[in-house]
1. Quick check on the exposure proxy: order B:Tyr2, B:Tyr301 from fewest to most C-beta atoms within 10 angstrom.
2. Could you work out the relative contact order of region C:277-376? I mean the mean sequence separation of Cα pairs under 8 Å and 6+ apart, divided by the number of residues, in percent.
3. Using a 10 Å cut-off around each Cβ, can you sort A:Ser264, A:Ser273 from fewest to most neighbouring Cβ atoms?
4. If I fit a long axis through the Cα atoms of helix B:2-18 and take the longest principal axis of the Cα atoms of chain B, what angle between them do I get, 0 to 90°, rounded to 10?
5. Can you give the helix-only mean residue ellipticity at 222 nm for chain C, where every DSSP H stretch with n ≥ 4 adds -39500 (n - 2.57) and the sum goes over all residues, rounded to the nearest 500 deg cm²/dmol?
6. Round to the nearest 0.05 the FRET efficiency obtained for A:Ser170 and A:Arg28 when R0 = 56 Å and r is the Cβ-Cβ distance.
7. May I ask you to derive the relative contact order of chain C, considering only C-alpha pairs under 8 Å and at least 6 residues apart, and to give it as an integer percent?
8. Starting from the Cα of C:Lys465, draw a straight line to each of the aspartates and glutamates and keep only those under 13 Å, dropping any in the same chain fewer than 8 residues away.
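Please treat every number below as a calculation from the coordinates, not as lab data. For clarity, every value in this text was computed on a predicted model and none was experimentally measured. Methodologically, a virtual Cβ is constructed for each residue, glycine included, from the backbone with ideal geometry; neighbour enumeration extends over all protein chains shown.
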Amino acid sequence: MDDSKMNFSGFFRRLVALCRKETRQILRDPSSNLIAFVLPVALLFIYSYGINLDSTSVSIGLVLEDSSREARQFADSFIGSPYMKVVTSLNRAEMEQAIMETTVRGFVVIPEDFARRLQRPTDTAPLLVVTDGTEPNLASFVENYTRGAWQNWLQHRADEHGRKFTTAISLEPRYWFNPSAESRNFIIPGAITVIMTVIGALLTSLVIAREWERGTMEALLATPVTRAELLLSKIIPYYALGIVSLLICVAVAVFALHVPFRGSLWVLLMVSSLFLFSALGFGLLLSTMTRNQFNAAQGALNGAFLPALILSGFIYEIRSMPLIIQAVTYLIPARYFVNAMHTLFMAGNIWSVLLRNMFFLAIASVFFLGLTALKTRRRLE
Amino acid sequence: MYYRIKTLVIKELQTLLRDPQGRRLLIIPVFLQLALFPLASTLEVTNNTLAVLNEDGGSASFELIQRFSHAKAFKETLTLQSEDELRQTIDQQKALVVLRFPPDFSRSVAAGRPVMIQAIMDGRRSNGGQIAFGYLQQILQTYLDERDVATSRIPISKVVVRHWFNPNLEYTWFVVPSLVAIITTISTLIVTSLSVAREREHGTLDQLLVSPLTPGMIMIGKAVPALLVAMFQGTIILLGGIFIYQVPFQGSFLLLYASMICYILALVGFGLLISSICATQQQAFLGVFSFVMPAILLSGYVSPIDNMPVWLQHLTWANPLRHFILIVKSIFLKNAPAAVVLQSVWPLLLIAVATSTTANLFFRKHVV
Amino acid sequence: MSEVIAILENVGKLFPKAKKSAVEDVSAQIQTGLVTGLVGPDGAGKTTLIRLMAGLLAPTSGRLRIDGGDPIADAARLRENIGYMPQKFGLYEDLSVEENLTLYADLRGVIGAERETAFKRLLDFTDLVRFTNRLAGKLSGGMKQKLGLACALLGKPRILLLDEPGVGVDPISRRELWKMVKDLVAQGMAVVWSTAYLDEAELCGQVILMNEGKLIFAGVPSVMTERMNGRCFLIQSCQGSRRQLLTRALRRPEVMDGVIQGHSVRLVLRKGAAAPKLSELQAGPECVTTPVASRFEDAFIDALGGGPGGESLLAERMRSIPGPKETVIKAGNLTKKFGDFAAADQVTFSVARGEIFGLLGPNGAGKSTTFRMMCGLLAPTSGTARVMGIDLAHSASKARQRLGYMAQKFSLYSSLSVLQNLEFFSGVYGLRGAKQQTQIDEMVEVFKFGPFLDVTPDTLPLGFKQRMALACAVMHEPDILFLDEPTSGVDPVTRREFWTHINGLVEKGVTVMVTTHFMDEAEYCDRVALVYRGGIIAAGTPDDLKQSVASTNNPDPSMEDAFIELVGRNEPVNG
């Protein structure tokens, strides 16, 4: 009885001592601070301003071969858009050169017989759109935009002639959770996932390896420290660091970048904790197995960071990937976290989605932490 | 002098290639990324689910639903019964788009009254939704055009679209050339900065510095192997792109490799700069990481430069990757002439001169 | 009261994938109240044996009993009784002295009032009271070692395992540490002290002497040393070059081993052999022979079958460097400041052609800084560093062509094979074609690299790396050789071989500048400068320096005595 009580207090004393040590080391290491506090905010701003999937100021050319009133009317409705920087020109060759030089993403030609064919009742006046296919999304955007402007122009023209013109059937888009369809609203929660991966996996992949390289692990192993204490003392401080960094990120996202957050904070903390455990587990596993900072970091980069970047559904649609790659994404914890974060930020506490993701994150955490515990040896071999 | 540089280069290559782990590190990530990126990083929408809440039941809505469900974005179509079900479908991410046809849809169409179909999309995937919406709109347009033809109404005007250099807007055609640029970037930086840091850690840098080699020669000795490795890896991606992904190479290989050399020189400057600030391989690794990540994000690969705020667009001018991605795409897909490529090459040369001069200064200051 | 606390019975350790056992069939006993020296050169298996005792490794054969238990099965109990200090002291460099102590106190369950008394006792004992708030990484080597010891001593272990506590520590700190260990032993603790310095063995109550994993001797060191009694003597007041004298002496079959000791030559005879006649050694008429006390090192070399001989095949193949005996290396008021701290302050000296000049001093005293400024790796804040009249930091690479440089820790390219390393370094110095091939072939022949040409140096023992480093430094036949700690960590036989080559090169006219903290190595130098706190506190021939501290108590001081005395004289009074 008394003995087990002794062990228990010893466990806590040693655990607190090790955690205190780890925390001091984190706070005194400039590169940890950089990665935990500076990089997240910097990345958040880069993602917020640099990664914008909503086209806002695309350069587009307009070749006015026809100078009729009709043509100019179209040109006016085309130019007056906030989404476009329109460059007008009188000959096609100039625009062809511009597209080659990538100074415009596409151009619209109003052919010289445009007005004439428009007047002829048996003829259809064509509007020619050329896009730069090397940037497929912008090409689609240019096409869609031109079609829109063209529709408006037809409408306007019909009104002017006192005729009724409507497209008989139209599609009306509505984006739930994100009415103006701002890409920032889903990119920022995704970026937080990438940041959590960097802190959870990349940073911890270094910590046990560092103790081996510096020879301090040897000294620790010669003391009465147990395996559980050793592991917990690595998990707890880095977990706390991850949560602090998460809160900073969320605060920046909500207050500085005005991303909506519709879920509850405690659910966010719960989901993030589960994800952090899996990332920490992965990092510690690498660190334990390689005992070499460089190899561990390489592993974390290829095994956690890259997948979180491209296979998590954060920018690229998972559903649109080939089946085999979709299958691979099921093995990546970041996938579940991204999904949960998107739901929490934009849709709120939708439990059916959240619970499913939390379930898989919990499995990943148990797997990686359990494997790390198995691989942790009390000896040097 | 040439002989000494040759000795340095041979040593560097032996270092890289002798260790099996090192050899693996040069090859495996390249193939992994060649397999992963073009397939995974796509902004096309396929394989998704369309849901339909049809309150109408007439023939027009039936025909349209048939057409919509054959859009390339969708693999399956769900039929919904109620508004409740609609809400759940979106909430639980069962479908990307839900189309809602109003009760009098078919009658209105027949009567020629304007009528509207609601397309409700999951805002959590607004980007995919937008793209899918574009597909749907094209399908609707085709339907309307065909109806016009059928009723022999002649439209007064039409839009004729030509996508140059990539007629079907294949996303892999965009990814492969960009990947050539990204792979060369990562390998050049890793090879240069880590090799200097490694020499510093192992103490061999001192031995080079007391030898008759000049700092300039040492830097060239580090640049040439990086050049060879990067060109080798770039070539793998290039061949993979041409033969596996069937992306047509339109331009001149000579021009591509000539500009690749300029690009790698610009990067070597960055690599040496990073390594001259860092004392250990560890720090150099984190340094490369902190450089590469923003460089890729702000290169136009993830999202177009055009969409960035203007001040950021100016800032990306200093990002060598931005210029090189443009160069590779222009040569690869557009068969751009030398004069056009040159417009992107001279910023690279400027960056190369600036970074290598700074690196040289740092290099002398740090060690001497 | 001495009792046996640890028993090793036929202990062996074979690492997975290793061809050879790291420790093979070692049997020994460790007693309380004694310092047990675990002695042997690099690669002898000392660290493995200590780790086996600490329960950090499991033996592959044999049995260990520590304090009545098995180090692995009874780990929970034994950890309380075993104090262990690993090679790098096991300190967290980014924690302060107090934080390190608190951490280990918590881990070892030293709490409450017990902790306070323990801290007070240990801080007094180690004299670290003034530095409790300093980060461990900012401590000098000696202080780190004391802190490491204090951490290992928390919880009052019955057996203390110290892995190479003397490495990288200057003689003064080493002496203090020995004093501390003696105190502990007097209180009844058992201390295991592993070391590659054979002179430390003589201070131990008993030794376990190992070489290449095998036990050579276990017992009282004097038993070993006494075997050599009557076989050691000193040749003094000889004329002509003492280096050539040593070479001639070592040629004789009856001479087992010999080293230079200042102006004299110290020889050890083979068992039962008579001393060679002085006339046969052409040592000059005034030469005298004095018998001297034997050392543990003599016994060690005897156990290995004798020294390496006195001929340098390397020097034979090198060209002679003609030229008058003029100054070739000159430092004038050389100063290097890092912020406010002067790492080197007004250092002035000069070295003549064909001389061996040694920079001697404790760690952090400034000898490395001075050395690096001389070979152009560090720009001085003020003053001049000239080699052959040229400032190397700004020189044309042509001047550097005439230097050879051997870096600390023998830095070679660990990912290149031995042959590729040789090709690289010769290529860098502009050797090519047939000339390059002959030079490489000669190095391979002289140093017997033949079987290892395709192996990477990091898989080879330290002594081999050291030979490689020397080969790479001299292939282009330099006029001047810079050697930075050229023999640290290597065994005495390799060390003798190394100095044979250096002596041979110097006879050909090569000038050598060397840094070292090995006191007996300083004896090889023609002149030494003692660097302390950034300045030269004494300079002269080794004999001069020793003579300058001779007193009635110590009429024949060693180099180490001289060092400690001279540093002590320059210590500021208030400490």
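1. Working: B:Tyr2 7, B:Tyr301 22.
Ascending number of Cβ neighbours within 10 Å: B:Tyr2, B:Tyr301.
2. Working: 71 pairs, mean separation 17.4, N = 100.
About 17 percent, as a whole number.
3. Details: A:Ser264 12, A:Ser273 16.
If I rank by nearby Cβ atoms, fewest first, I get A:Ser264, A:Ser273.
4. Tilt of helix B:2-18: around 50 degrees.
5. Details: 20 runs with 193 residues, N = 575.
So the helix-based figure for chain C works out to -9500 deg cm²/dmol.
6. Values: r = 63 Å, r/R0 = 1.12.
It comes to 0.35.
7. Details: 1152 pairs, mean separation 77.9, N = 575.
Contact order relative to length: 14 percent.
8. The qualifying aspartates and glutamates are C:Asp42, C:Asp491.
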